[in-house]
Structure formats: C-alpha cells, structure tokens
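Here is the structure we will look at, set down as structure tokens.
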Amino acid sequence: MNVYDSDRMADVLTPLGYVATAVPDDADMVILNTCHIREKAAEKLFSELGRLRNIKERRLEDGIATVIAVAGCVAQAEGAEIIKRAPYVDIVLGPQTYHRLPEMVARASRAAAGQQETKGILDIEFPDEPKFDHLPEVTAKGFSAFLSVQEGCDKFCTFCVVPYTRGAEFSRPFDDVINEARTVAAGGVREITLLGQNVNAYHGETIKGKSGSEAGLGELIRQLAEIEGISRLRYTTSHPIDMADDLIAAHGNVATLMPFLHLPIQSGSDRILSRMNRHHRIDDYRRVVDKLLAVRPDMKLSSDFIVGFPGESDEDFEATMNLAREFQFVQAYSFKYSPRPGTPGAVMQDQIPEALQSERLAALQEILEQNQINFNQQCVDSVVPVLFDRQGRKDGQLVGRTPYMQPVHVQAPQEMFGQIAEVKLTSAHANSLGGELILAAHQSSPMSEIEKVSA
Ligand code: SAH
Ligand code: SF4
C-alpha cells in the first residue's frame, strides 16, 4: 500500500511541476514514506533523516532549498516528535492527508524562502472526507498496478498497529474503483492488485453517497473482470474471517481472478490465535482453504507467520511448525513478534526473549522455504501464462510473473514486454524460475483468452 500511496503522492505533486528523481542530491523535495508495522521503524527513519540533513545543508550552501517530508504510518504514530527530534524536517503528514500536500508544500516553500516562519508543518488528522475524493486522476505506470479499495481496520489484533495508524475501516465506492481501474487499463495496465489492510472486508457503496447500497469484494471483482484489457486480478491482504462465500465463488467463476491468495494465518496454535484476538481458529482457516480448493483446485496459498508472540510455549510453536507442514504454503512471510507501542500485545506478560524468537524463526523458515522450493520444482515442465513486466538483466531477457507470482526469466523479444504469453518452465530456483517462450501472444487476441486456456 505504501507503493500505491507513494505513486499517488507523485500524482498530487505533478501539477506543481515535480518529477521523480532517483538521486537525493538532485531533489528539491524528499518524501520518506514510512511503515510502522514492525521493529525500529522510527530508528531507521531518524538515521535516514540524518543523511538527508547533510544533503539539505550541502545544497543550501549552493543557495538551493530542499523540502524534507515524512509521510506514512511512522509519521502518524510519532507526529510532532519527529519535528522535535529533527527540526530540519519541513512536513510531517499521515497516510490520510497526502491529498493536502500541495498546500503543505506551498507553506514549506514560503518558509524556506524566508517569507514565513515555520517550525515544521504537521498534518496527521483523520479527515471526515476520504482523501480519495480529492486526489487527481491516477496515472498508469507499467503493466501491473495496485489499486487501493479499502483502508484501515477495526479488528484490533493485539499485535498490530494498523488500526491506530491507518484509522477505522473504510471502503471506496464501487464506481470510484471501477473508474480508476478503467483509467489504468486504458493506460496499458494488464494486471490489477486490489489493496486493503483488510481487503476482503471491502463493502463499497454501489451507489455513491447512498449508505445501505453496499456490496462486497466478490461483486467488485466480477465487475472489474468486465473491463477490457484487464487480464489478471488479485487482491491483498485478506483476513480469514472475511472470506465470504460470494468471494470464494468468484474464485470459481472469474477466470481472470488468479488462483493465488495471500491469507495470513499468524500462528498454528488456537491458544495463541485467541491471545492475538484473531477471531478464528485453525479449523476455520482449514474450512476456508477447503472451500477455495473445491471451486478452484489449482488454488495455491501464501501466508504470514508471527513467531514468539507473548506466551508462545514450545507446544504452541510446534503447532505452528505442524501447520506449515500441513498447508505447504507456496510462499510465506515470517516475522519475530515486534512489540508495537500502544498495542495490547506490547504490555502482555511472558514476552519471549529475542534469542528464542530467532531460534524459532529459523526453524520455521526452514520448512517454509522448503515448501516454496518444492512448489517451484513441481512447476518445472508445466506450461503457464506469464505476464512480462520487467526487463531482465541479461541481453534479450524479459522477466514476468506466473499466476502464482513466481518470477520467470525468459529469452523473449521486446514486443512481448507487457504481454501475457505461454511459457514452458524449465528450471527452478529458490525464488524464481527459468522458462522458454512457446507461444507468442497474438497482438490482437484478448489476453484473457490465454489465461482461460491455462485455467
Ligand atoms: N491485515 C493483515 C495483515 C497486515 S500486517 C491480516 O490481518 O493478516 C502484515 C503482516 O505483518 C501481518 O500479517 C503480520 O504477520 C505482520 N505483523 C503485524 N504486526 C506485527 C508485529 N507487531 N510483529 C511482527 N509481525 C507483525
Ligand atoms: Fe492488523 Fe490485519 Fe489484525 Fe487489522 S486484521 S489489526 S490489519 S493484523
């Protein structure tokens, strides 16, 4: 979501004449878009700010001003503390106020030019009106796009900071999402990943402004699937308790919805899931997976795990190891529990020592990595549709993604860039695959047809 937010901030700033640069020394403004989900995010921020301060001072010696802004969830959580610790920061803004950037930049620029005194501009409000209503039209970049449909969370898992930094759950109206999808599709995007902290809690108004006229993610996906040019749909991140039957049904009958789902489980122990306030048990999760497989037998899952949550016993951890063996996720993210200030987990008794967390993480990751390698190896010799969305490092090479998000390196002509083509997978590595092009997609044929053939 931060990638999406950063792109939208760029969209907001384009009319002011800003263009992106990869070189901080060239930048008239630097925005650090931060994440607060785990670990020393604030420390990382301040060390990065120290580096930017040097650049700002160097440029000032040449008479050039630099605006430094801190955005995102660390900004939301730390607020004025950032300006206090780093007074050279001009703007601190939260994830819900970046549509107001132009106004903040104007004020900061006036201050930099000495026309106005400032001690730093702080805007970490949760405005009543959603930012989406004030953002300019999105600009399509590349062939695969993120599209935020839902933000915030009301679930309050005891480890998680999201409900505090992103605020209450909010769903964008159907038409706004459809219009944004049409715009990026017209700009050449082939694949859309719908985003939300709790994306499957989505319940958008089907008639904007008319509360009560709501429908869920399954219906939204069915409507998005009708948009010409969109050949692949994905969504992330989902909560197991919001896997409604209608959404599961969409996996069975929307060909462009990819057979791959990120569905975080966090722990294999019901006792820990309850302490985490997850509102589901392992059996509930198992039932969701069974239902998905019933409508889409080639469905594969990825997941998130937290090890060393307060009170996690050897038996609880063993249950997590067994779960990883049982579900054989084809990809997984796993983390040591990181106490987040202000969350219930941070003040629970029985915090697990870091050394034990590390030991458990290493043991779990061994299983998770092996599952991933096994799946990659099973894929060898199969033919899959690949969306080429990156240039390869080698001459004449393109990199694309399979329906399961595996990167594939293929020798392919430049015309295939941005296309979906059938690829025979020939080699497997831990994090990627090698393949050969077997069928060049005909320019005028609808890409979704190729998807359907393989589905
Ligand atoms: N909304 C999603 C997850 C959002 S956060 C869900 O409900 O599953 C992304 C992932 O970060 C989580 O799935 C969790 O595994 C991890 N995470 C969140 N807070 C954490 C913390 N305090 N310590 C360690 N990992 C954490
Ligand atoms: Fe955080 Fe996800 Fe739990 Fe919400 S459901 S509190 S975003 S982990």
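The numbered conditions (1) within 16 Å of ligand 1 (Cβ to nearest atom); (2) more than 30 Å from S334 (Cβ to Cβ) are all true for K210 except (1).
With respect to being of a type in the set (S, T, N, Q), within 11 Å of ligand 1 (Cβ to nearest atom) and touching a residue at least 12 places away in the same chain (Cβ under 8 Å), T158 fits the description. Within segment 352-366, being open to solvent by 20 Å² or more (accessible area, probe 1.4 Å) and under 24 Å from the mean Cα position of the chain (by Cα) holds for L361, Q365.
Close Cβ contacts (under 7 Å, 6 or more residues apart or on different chains) running from residues in segment 4-20 that are free of Cβ contacts under 8 Å to residues at least 60 places away in the same chain to residues that are part of a helix (DSSP H, G or I) and not basic (K, R) comprise A20/A10. Of all the criteria given as (1) farther than 22 Å from N322 by Cβ; (2) in contact (Cβ under 8 Å) with a residue 40 or more places away in the chain; (3) more than 16 Å from ligand 1 (Cβ to nearest atom); (4) open to solvent by 40 Å² or more (accessible area, probe 1.4 Å), the one not satisfied by K291 is (1). Which residues, counting only those in segment 217-228, are in contact (Cβ under 8 Å) with a residue 24 or more places away in the chain and either away from ligand 2 (no atom under 16 Å from the Cβ) or not assigned by TED's automatic domain parsing to the domain that holds G142 (or both)? Those that are in contact (Cβ under 8 Å) with a residue 24 or more places away in the chain and either away from ligand 2 (no atom under 16 Å from the Cβ) or not assigned by TED's automatic domain parsing to the domain that holds G142 (or both): G218, E219, L220, I221, R222, Q223, L224, A225, I227, E228.
Determine, yes or no, whether I420 is within 27 Å of H251 (Cβ to Cβ), in contact with a strand residue (DSSP E or B) (Cβ under 8 Å, 6 or more places away or on another chain), crowded, with 16+ Cβ neighbours inside 10 Å and not assigned by TED's automatic domain parsing to the domain that holds I192. Answer is yes for this residue. Scanning segment 319-351 for residues that are outside any helix (DSSP H, G or I), open to solvent by less than 80 Å² (accessible area, probe 1.4 Å) and over 30 Å from F375 (Cβ atoms) gives P339, R340, G342, T343, M348, Q351. The numbered conditions (1) in a helix (DSSP H, G or I); (2) over 19 Å from the mean Cα position of the chain (by Cα); (3) within 16 Å of ligand 2 (Cβ to nearest atom) are all true for R107 except (3). Of the residues that make up segment 80-101, is at least one part of a helix (DSSP H, G or I), surrounded by fewer than 23 Cβ atoms within 10 Å (Cβ to Cβ) and in contact (Cβ under 8 Å) with a residue 40 or more places away in the chain? Yes. Out of all the residues in segment 298-318, which are among the charged types (D, E, K, R), within 15 Å of ligand 1 (Cβ to nearest atom) and surrounded by fewer than 19 Cβ atoms within 10 Å (Cβ to Cβ)? Correct list: D304 only.
The values are calculated or read from the model by the stated rules, or taken from the named source; none is laboratory data. The structure displayed is predicted, hence computed values, not measured ones. Quick reminder, even Gly has a Cβ in these numbers, built from the backbone with ideal geometry, and neighbours come from all protein chains shown. Side chains included, ligands, DNA and RNA excluded: accessible areas come from the protein's heavy atoms. Shrake-Rupley method; radii C 1.70, N 1.55, O 1.52, S 1.80 Å.
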